[in-house]
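Let me begin by presenting the structure, written as structure tokens, before commenting on it.
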Amino acid sequence: MPSFLILNGPNLNLLGTRQPEVYGRTTLADIERMCTDHAVKIGVSVTFAQSNHEGVMIDHIHAARGVHDGIILNAGAYTHTSIALMDAIASVELPAIELHLSNVHAREEFRHKSYISKVCVGIICGFGAYGYVLSMDAMKVRVSD
Ligand code: CA2
């Protein structure tokens, strides 16, 4: 059974509690439940991690090698700044999907730049919490190729 790491970055632990007009009212725990239910339906396994720290996120990415078949990554604001995360994704040679709740291209200019995109197989953004489910479907297709 394909196994996916779903890794969330800084501030995403606050989902559903602040800025609902931008990020919705769904909490990270709700998203994890949604993904766990969907995993059963499509026959994959999912492991979740969240960190507010760049180095810890890098450790999770390194640890995914040989354990998971793909990484679904909402790197939060590190998307727009982190060469280190980009290098970590490239180094593990696993397919990664860049995920965002919001449509980053409809927002501030600084969110249009992503270091992560260069090393990801695809990008899903703008569909809120449903983007996690979409990413799981997309990753399943990718790893079944
Ligand atoms: O749209 C996304 O998923 C983002 O990755 C979210 C990041 C943002 O920096 C990216 O540009 C796009 C921010 C996550 C902040 O999450 C919060 C959740 C609740 C309250 C405040 C922030």
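The values are calculated or read from the model by the stated rules, or taken from the named source; none is laboratory data. Computed from a predicted structure; not experimentally measured. All Cβ positions, even for glycine, are placed from backbone atoms using ideal geometry, and neighbour counts span all protein chains on display. Note: accessible area is taken over every heavy atom of the protein model, side chains too, but ligands, DNA and RNA are not part of it. Shrake-Rupley method; radii C 1.70, N 1.55, O 1.52, S 1.80 Å.
Among all positions in the range 74-82, there is no residue which is closer than 15 Å to Met139 by Cβ, touching a helix residue (DSSP H, G or I) at 6+ places or on another chain (Cβ under 9 Å), among the aliphatic types (A, V, I, L, M) and modelled with pLDDT of 95 or more.
Of all residues in the range 72-99, those satisfying the criterion of being over 13 Å from Lys118 (Cα atoms), under 13 Å from the mean Cα position of the chain (by Cα) and open to solvent by 10 Å² or more (accessible area, probe 1.4 Å) are Gly76, Ala77, Tyr78.
Of His68, His100, all but one fail to be modelled with pLDDT of 95 or more and within 21 Å of Gly126 (Cβ to Cβ); the exception is His100. Exactly one residue out of Ala63, Ala29 is modelled with pLDDT of 95 or more, surrounded by fewer than 17 Cβ atoms within 10 Å (Cβ to Cβ) and more than 15 Å from the chain's Cα centre (by Cα), and it is Ala63.
Applying the selection to the range 68-113, what residues are outside any helix (DSSP H, G or I) and farther than 23 Å from Thr26 by Cβ? Across the range 68-113, the qualifying residues are His68, Asp69, Thr81, Ser82, Glu93, Leu94, Pro95, His112, Lys113. Restricting attention to the range 47-68, does a residue exist that is within 15 Å of the ligand (Cβ to nearest atom), free of Cβ contacts under 8 Å to residues at least 12 places away in the same chain and either of a type in the set (Ser, Thr, Tyr) or on the phi > 0 side of the Ramachandran plot (or both)? No, every residue in the range 47-68 fails to be within 15 Å of the ligand (Cβ to nearest atom), free of Cβ contacts under 8 Å to residues at least 12 places away in the same chain and either of a type in the set (Ser, Thr, Tyr) or on the phi > 0 side of the Ramachandran plot (or both). Figure legend. Inter-residue proximity from the range 1-17: first residues open to solvent by 10 Å² or more (accessible area, probe 1.4 Å) and more than 9 Å from the ligand (Cβ to nearest atom), second residues among the charged types (D, E, K, R) and outside any strand (DSSP E or B), beta-carbon distance below 8 Å, spacing 6+ or different chains. Indicated pairs: Pro2/Asp69; Pro2/Lys140; Ser3/Asp69. Restricted to the range 37-56, and to residues there that are of a type in the set (Gly, Ala, Ser) and outside any helix (DSSP H, G or I), the residue that is farthest from the chain's Cα centre (by Cα) is Gly43.
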